[in-house]
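In what follows, a single structure is set out as structure tokens and then discussed.
The values are calculated or read from the model by the stated rules, or taken from the named source; none is laboratory data. Keep in mind it's a predicted model, so treat the numbers as computed, not measured. Please note: Cβ atoms are built from the backbone with ideal geometry, for glycine as well, and neighbour counts cover all protein chains shown.
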Amino acid sequence: MIDRSPTGVLMEVQYMRRDQEIMSGTLCLKGTRVPVQSLFDYLEGSSSLEEFLKDFPTVSREAAVAVLEVAKERLFAHAPAG
């Protein structure tokens, strides 16, 4: 997975990883066993980013914010006009 953003930053490779040996191939925050989906579940359930980071201390703020930025970029890139 490569983020082909205008900045050329490889955020997805840097902060997310899918490995069959870790959580049966679930997309996780790199270097952890924390599924990316957990971040979105927390925020959807009205928990704050601070609560997520407190409950998952192996995840850095930088990584969590980067994942949210990638999601935001993809959402806006594929949003219909008008």
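Which of (1) in a helix (DSSP H, G or I); (2) at pLDDT below 95; (3) surrounded by 10 or more Cβ atoms within 10 Å (Cβ to Cβ) is the odd one out, the single condition Lys54 does not satisfy?
Of (1) in a helix (DSSP H, G or I); (2) at pLDDT below 95; (3) surrounded by 10 or more Cβ atoms within 10 Å (Cβ to Cβ), only one is false for Lys54: (2).
Give me a count of the residues in segment 23-45 that are surrounded by 14 or more Cβ atoms within 10 Å (Cβ to Cβ) and more than 18 Å from Val70 (Cα to Cα).
Looking only at that region, the number is 2.
Name the single residue, out of those in segment 1-45 being modelled with pLDDT of 90 or more, among the polar types (S, T, N, Q) and in a helix (DSSP H, G or I), that is nearest to Arg74 (Cα to Cα).
In this case the residue turns out to be Gln37.
Scan (1) among the small types (Gly, Ala, Ser); (2) surrounded by 12 or more Cβ atoms within 10 Å (Cβ to Cβ); (3) at pLDDT 95 or above for the single condition Ser48 breaks and write down its number.
Answer for Ser48: the failing condition is (2).
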